[in-house]
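Okay, structure first, notes after.
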Ligand code: GLV
Ligand code: MN
Ligand code: MN
Ligand code: MN
């Protein structure tokens, strides 16, 4: 028997839906997606909006020196650590309206619902917007929650550059979001993150809620292949050292490695060809590799396979270059008590749920190192994400917000 909800509060799904569409205008694309790269003007606009929306509810908004934003609603007891929840407001270059945004705006809807009802929690609540979850402008992903959790050095994070050479720290200053509070100084009693699944499982099984108990491990690499620029007409094939031919073989190798073991994925998502001129056989290519698996041993095995494949390719083609690992986030197991709170809330909601492992990376995976943490997933259409066509329904978003509200209140009363 599902445990009944311990309150009679209901989130306003329509209000949440309108809020999602209102904020999608900051960086909105003609195809209905969102391009809101970390620390750009669009990011500043949505941050300003978010701060004002939280302050309108009487929350105090604090910004740390990585630009993470914390909106605090007092509880009856201000001497205990807050129950925190949230996600991220940055997007991929061709992102959708839901990845990250849903978790922040559903958190706002939770605060609005409590505010309207005059409901006082025992613990304070904190709604968080983490900086640079996506990692598409500044690598790696989850950069600021990584600093918060002590997994990434702050100096390293602030010195990260985008592909044009702008540093994270300078861009944080430029948009006015380098706060005073040292990142990581803040303590949570727990952290809950609602997110779209970004995969097809919930839709396929006709379940409304994913009770996320783990996040798979991730490693990222950068590789610069160096050969020689050569005239496309005058250089015979036997004299070429074409870095793009090498890169093509690396892409095929990564795809093969990702398919070779169960529950593994491998991706080359970024490539820069130099000089990128149609009548030059290219002398240099920069590319990135992303490997993931719930089993860290598989991630390590994919790394060995990559190193061997690249060594063979460069030697065959007379190139230079070896992959450099720039990020290693082992698989994360979430806290049993937080997972149980989500599961009880999902059962009380009553539209079907299942436990699952996240394929995508999330700030919650870093926060789990410093606070008991769990996640809630809702379906997205055909599992499509990191795509402007990403979509979830009003009902799915509202279900996620309702389960988030209930999980937080259950945790508050435990
Ligand atoms: C970013 O969204 C990731 O999951 O890698
Ligand atoms: Mn996300
Ligand atoms: Mn994402
Ligand atoms: Mn992610």
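Things worth noting here:
- All told, residue 41 meets the bar of being at pLDDT 95 or above, assigned by TED's automatic domain parsing to the domain that holds residue 338 and more than 21 Å from residue 215 (Cα to Cα).
- The single residue among 202, 158 that is more than 16 Å from ligand 1 (Cβ to nearest atom), farther than 30 Å from residue 79 by Cβ, in contact with a strand residue (DSSP E or B) (Cβ under 6 Å, 6 or more places away or on another chain) and in a helix (DSSP H, G or I) turns out to be 202.
- Some residue of region 34-49 being touching a strand residue (DSSP E or B) at 6+ places or on another chain (Cβ under 6 Å), buried (at least 23 other Cβ atoms within 10 Å of the Cβ) and within 19 Å of residue 141 (Cα to Cα): yes
- For region 205-220, a residue qualifies if it is assigned to a loop (DSSP other than H, G, I, E, B) and crowded, with 24+ Cβ neighbours inside 10 Å, and exactly one does: 216.
- Condition check for residue 89: at pLDDT 95 or above, under 20 Å from residue 398 (Cα atoms), away from ligand 2 (no atom under 14 Å from the Cβ) and touching a helix residue (DSSP H, G or I) at 6+ places or on another chain (Cβ under 9 Å): no
- Sole residue being within 16 Å of ligand 2 (Cβ to nearest atom), assigned by TED's automatic domain parsing to the domain that holds residue 109 and in contact with a strand residue (DSSP E or B) (Cβ under 6 Å, 6 or more places away or on another chain), chosen from 188, 192: 192
- Positions within region 18-37 being assigned to a loop (DSSP other than H, G, I, E, B) and in contact with a helix residue (DSSP H, G or I) (Cβ under 8 Å, 6 or more places away or on another chain), in sequence order: 24, 26, 27, 35, 36, 37
- Matching residues in region 368-409 - criterion: being in a helix (DSSP H, G or I) and under 23 Å from residue 332 (Cα atoms): 383, 400, 403, 404, 407, 408
- Residue, nearest to residue 135 (Cα to Cα), within region 282-323, restricted to residues that are in contact with a helix residue (DSSP H, G or I) (Cβ under 8 Å, 6 or more places away or on another chain) and part of a strand (DSSP E or B): 289
- The single condition from (1) surrounded by fewer than 21 Cβ atoms within 10 Å (Cβ to Cβ); (2) at pLDDT 95 or above that residue 8 fails is (2).
A quick yes/no check of all residues on (1) out of contact with any strand residue (DSSP E or B) (no Cβ under 6 Å at 6 or more places or on another chain); (2) touching a residue at least 24 places away in the same chain (Cβ under 8 Å):
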position: 315; (1), (2): yes, no
position: 327; (1), (2): no, yes
position: 337; (1), (2): yes, yes
position: 355; (1), (2): no, yes
position: 358; (1), (2): no, yes
position: 369; (1), (2): yes, yes
position: 397; (1), (2): yes, yes
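- Of all the criteria given as (1) more than 25 Å from residue 21 (Cα to Cα); (2) within 16 Å of ligand 3 (Cβ to nearest atom), the one not satisfied by residue 88 is (1).
- Residue that is within 16 Å of ligand 1 (Cβ to nearest atom) and either assigned to a loop (DSSP other than H, G, I, E, B) or without any contact (Cβ under 8 Å) to a residue 60 or more places away in the chain (or both), where the choices are 176, 146, 135: 135
- Among the residues making up region 315-366, those that are more than 14 Å from ligand 1 (Cβ to nearest atom), closer than 30 Å to residue 284 by Cβ and crowded, with 20+ Cβ neighbours inside 10 Å are 319, 321, 323.
- Unique match (being closer than 23 Å to residue 135 by Cα and more than 15 Å from ligand 3 (Cβ to nearest atom)) among 364, 360, 371: 371
- Only one of the listed residues (106, 53, 71) is in a helix (DSSP H, G or I), assigned by TED's automatic domain parsing to the domain that holds residue 385 and crowded, with 24+ Cβ neighbours inside 10 Å. That residue is 106.
- Within region 117-132, considering residues that are within 16 Å of ligand 4 (Cβ to nearest atom) and not in a strand (DSSP E or B), the one farthest from residue 37 (Cα to Cα): 131
The values are calculated or read from the model by the stated rules, or taken from the named source; none is laboratory data. It should be emphasised that the depicted structure is a prediction, and the values quoted were computed from it without experimental measurement. Positions of Cβ are backbone-derived with ideal geometry, glycine not excepted, and every protein chain shown enters the neighbour counts.
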